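Heads up: the structure comes next, in structure tokens.
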Amino acid sequence: MSGPTTVVGMVLSAMPIGDYDKRLVILTKERGKISAFAKGARKPNSAFLACSQPFSFGEFTLYEGRSSYNILSVEIANYFAELRDDIESVYYGLYFCEFTDYLTKENDDEKDILKLLYQSLRVIGKKTIDLTLIRAIFELKMIALNGEAPQVFHCVKCGGTAEAYSFSVGCGGLLCRSCHANDPGAVKLSTSTIYAMQYIISAEIEKLYTFTVTKAVLNELCYCVKRYRECYVEHEFKAIELIQTL
């Protein structure tokens, strides 16, 4: 058993425990994903009442026990208030947190994923980019950071480069015209869509949300990312159901 420790992180989810407490899942810079108990967080006058909600980002001082953490104090740097004022933005934010929670593992180094989540919530709040584009960028980059990115820089079968490509979910990336027979159901993509996917996978996180695309490219990008996610991330997300009700 050790003494108090301070970590920087974001609350991904909060679950009621007993009559007054909450169990928080926090993605931290120092220790990856952890679970921590906020005692008394459900009491009206609790110091943990506001900070024990998803999207809360800041410093958490924790007491590390044998099998769990207990929160001693919190200094929140960002509540993402601008995101919380719009129900559609809230649903997307909850989805991003749920997606992050599913893909991350406890005590792994998840600094880049934490940075991606933070930047993604910021851009949702700014409302300068279409939410469907933000979602496609977030999902594809998350999958890439998880080590399962599709091959979008050359043909996944022969390694060749060409002007015309199709996207194959089953093969895991692009197929050139000669290799298209490996998946007759592969979807032909425009050059602009391929460039967008290449940029998302290779760009620094701070520069991800610096472009827009045409409606046609957005449709192709969303279709490919959705199909790929459904194949390689086999999980039903509750927040997607909320988004679909909008």
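The values are calculated or read from the model by the stated rules, or taken from the named source; none is laboratory data. This one's a predicted model, so the numbers in the text were calculated from it and none came from an experiment. For neighbour counting, all protein chains shown are included, and Cβ atoms are generated from backbone atoms with ideal geometry for every residue, glycine included.
Brief remarks on what is shown
- Selected residue (criterion: surrounded by the most Cβ atoms within 10 Å (Cβ to Cβ)) from residues of segment 161-218 that are among the hydroxyl-bearing types (Ser, Thr, Tyr) and assigned to a loop (DSSP other than H, G, I, E, B): TYR209
- Test: GLY32 is touching a residue at least 24 places away in the same chain (Cβ under 8 Å) and loosely packed, with under 15 Cβ neighbours inside 10 Å: no
- Matching residues in segment 125-145 - criterion: being at negative phi and either in contact with a Cys (Cβ under 7 Å, 6 or more places away or on another chain) or surrounded by fewer than 15 Cβ atoms within 10 Å (Cβ to Cβ) (or both): LYS126, THR128, ASP130, THR132, ALA136
- Applying a threshold of 8 Å to beta carbon distances and a minimum spacing of six or more residues, or different chains, the list of pairs starting in segment 57-81 at a residue that is more than 25 Å from GLN119 (Cβ to Cβ) and ending at one that is aromatic (Phe, Trp, Tyr) and exposed (fewer than 13 other Cβ atoms within 10 Å of the Cβ) is empty.
- Set SER35, SER67: member being of a type in the set (Ser, Thr, Tyr) and touching a strand residue (DSSP E or B) at 6+ places or on another chain (Cβ under 8 Å): SER35
- First in segment 121-133 and at pLDDT 95 or above, second anywhere and of a type in the set (Asp, Glu), Cβ under 8 Å, 6 or more apart: LEU131/GLU88
- Matching entry among THR128, THR100, THR132, THR104 (being within 21 Å of THR245 (Cβ to Cβ) and polar (S, T, N, Q)): THR132
- Filter result for the condition that a residue is among the small types (Gly, Ala, Ser) and at pLDDT below 95, over GLY160, GLY172: GLY160
- When segment 108-156 is limited to residues that are small (Gly, Ala, Ser) and outside any helix (DSSP H, G or I), the one that is nearest to PHE57 (Cα to Cα) turns out to be GLY147.
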